[in-house]
Amino acid sequence: MKLYVDEKLTDAGFGAGAGSMHDILYGDIKSLVPVGMVVKSIYINGEKYNDLMLSADKSKAFKLSDGDEIKITTMSQLDLVNGSIDAAAAFLREFKTGIIKITDEIRWGNSAGGFNNFSEYLKGLATFVQIMEKISEFLKIDYNNLVYGGKSIQSYFNELERILSSVLSTQVEQDYVMLADIVEFELKPNIDIWGDILEDMKTKINGSANAGK
């Protein structure tokens, strides 16, 4: 197996039984990535697999063979955080547009179809939460201690969880009118706030980085 880091072939010396992508991401790669840099992208035999960085379980299940060619590119830690925040913000903008359409569908009589479409967006919210958890782990910050608008960021997570719980209850009760109300009057304002939270986090993180130079 060949492993490239920033276009340079490494001498990692992988032999027979190359293992899983988890072995590389959480083991061998640590000694191969330059100090202060982190993994940006992963290509395996020419195909991009960046999702393996989000899920340790998925990376464990992704088995490698001796003939595989892996190319990993790196970026600075600050670029990683900024990129993650930008990705989360972009998702929230798309999410907000989507749920507005869904509430229109429900109010115009396509209740079942609107809820099915909303279920797909809920999967995206799980990825958003994963990104936020990764940022917390990477920067070693506790969202209970990080404040926005006089409240901890953890409290905004708790509110989002409460709203999503209410949404799931409407599914069980098949109360699609209530679903539309919750999405429009509770979830959308919460998502608006998260957009502001991310912008504030990015400003503070970059401010701290520049102050440390």
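Read the figures in this text as sums done on the coordinates, not as results from a lab. Quick caveat, the model's predicted, so the values are computed rather than measured. As a convention, Cβ positions derive from the backbone with ideal geometry for all residues, glycine included, and neighbour counts pool all protein chains shown.
Here are the numbers for the structure shown:
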read-out: Between 0 and 90°, nearest 10: helix 77-107 axis offset from the chain longest Cα axis; value: 30
read-out: Model label zone, Leu9; criterion: amide N under 13 Å from point 7 Å along Cα-to-beta-carbon; scope segment 62-105; value: 69-70
read-out: Enclosed volume per residue, in Å³, of the convex hull spanned by Cα atoms of the chain; value: 141
read-out: Rounded tilt (10° steps) of 111-139 against the dominant C-alpha axis of the chain; value: 50
read-out: Residue among Phe95, Phe185, Phe128 with the largest mean-square fluctuation in a Gaussian network model of the chain, springs linking Cα atoms under 10 Å; value: Phe185
read-out: Hz values of 3J(HN,Hα) by residue in segment 42-57 - Karplus curve (6.51, -1.76, 1.60), Gly and Pro given as x; value: 10, 10, 10, 6, x, 10, 7, 9, 5, 5, 5, 7, 8, 10, 5, 5
read-out: Dipole of segment 83-169, positive end: most advanced residue of Val129, Ile102, Gln154 [Cβ charges, Cα centre]; value: Ile102
read-out: Dipole magnitude of segment 52-178, debye to nearest 20 (Cβ charges: Lys/Arg +1, Asp/Glu -1, about Cα centre); value: 140
read-out: Extreme residue, positive dipole direction of segment 56-141, given options Ala56, Ala90, Gly67 (C-beta unit charges); value: Ala90
read-out: Cα-based reach from Lys71 at 16 Å (exclusive), listing lysines while leaving out same-chain residues under 8 positions away; value: Lys2, Lys8, Lys30, Lys40, Lys48, Lys63
read-out: Between helix 188-211 and the chain: long-axis angle, C-alpha atoms, 0 to 90°, nearest 10; value: 40
read-out: Relative contact order (%) - the chain, alpha-carbon pairs under 8 angstrom, separation at least six; value: 19
read-out: Rough spin-label spacing in nm, given labels placed 7 Å along Cα→Cβ, for Ile141 and Ala61; value: 3.2
read-out: CD proxy at 222 nm, helix term only [per DSSP H run n ≥ 4: -39500 (n - 2.57); per residue of the chain; nearest 500]; value: -19500 deg cm²/dmol
